[in-house]
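Please read the structure below before turning to the comments.
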Amino acid sequence: MPMPADANVHGDVFGGWIMAQLDIAGSIPAARRAGGRVATIAVNALTFKQPVFVGDLLSFYAEIVKVGRTSVTVAVEVYSERQGLEAQVVKVTEATLTYVATDAQRHSRPLPTA
């Protein structure tokens with residue numbers, strides 16, 4: 001749930017704050033598939049479909065869409081439950097991010113076999 005510090009003076013949440021949360025959400029399935037550390041190497045696509053407001057309850061849904069030799073591409077959809085008298089849920093953002101598996105020295109490494 002974004003707080004006032006995450007928004008401009010009009011109560012609109014900063015896109016950068018949403019991007020940070022997207023990155024966290026996308027990294028979870030990527031790290032699970034990689035069996036360890038991953039690093040974000042690309043934001044392949046990012047679309048803000050609706051504004052996000054202070055007090056909205058956000059839900060992030062991430063799914064692996066492609067697996068390479070060292071990389072994992074994840075699609076993330078973000079839905080917002082507006083805080084009003086009647087709950088309204090709207091899709092606010094969608095993105096595709098690519099992560100690379102890294103070793104202890106932060107060099108790329110092959111993914112484990114599935």
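Quick look at the values:
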| read-out | value |
| --- | --- |
| Listed residue (VAL65, PRO51, ASN8) projecting farthest to the positive dipole end of the chain, Cβ model | VAL65 |
| Sites matching trypsin sites (Lys or Arg not before Pro) across the stretch 18-114 that sit in DSSP coil, with at most 13 neighbouring C-beta atoms within 10 Å | LYS49, ARG69, ARG106 |
| The chain - mean residue ellipticity at 222 nm from DSSP helices (-39,500 (n - 2.57) per run, n ≥ 4, rounded to 500) | -6000 deg cm²/dmol |
| Degrees, to the nearest 10: 15-34 long Cα axis against longest axis of the chain | 30 degrees |
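None of the figures in this text is laboratory data; all of them are computed from the coordinates on show. Source: prediction; values computed, not measured. Here Cβ is always computed from backbone atoms with ideal geometry, including for glycine, and neighbour counts include all displayed protein chains.
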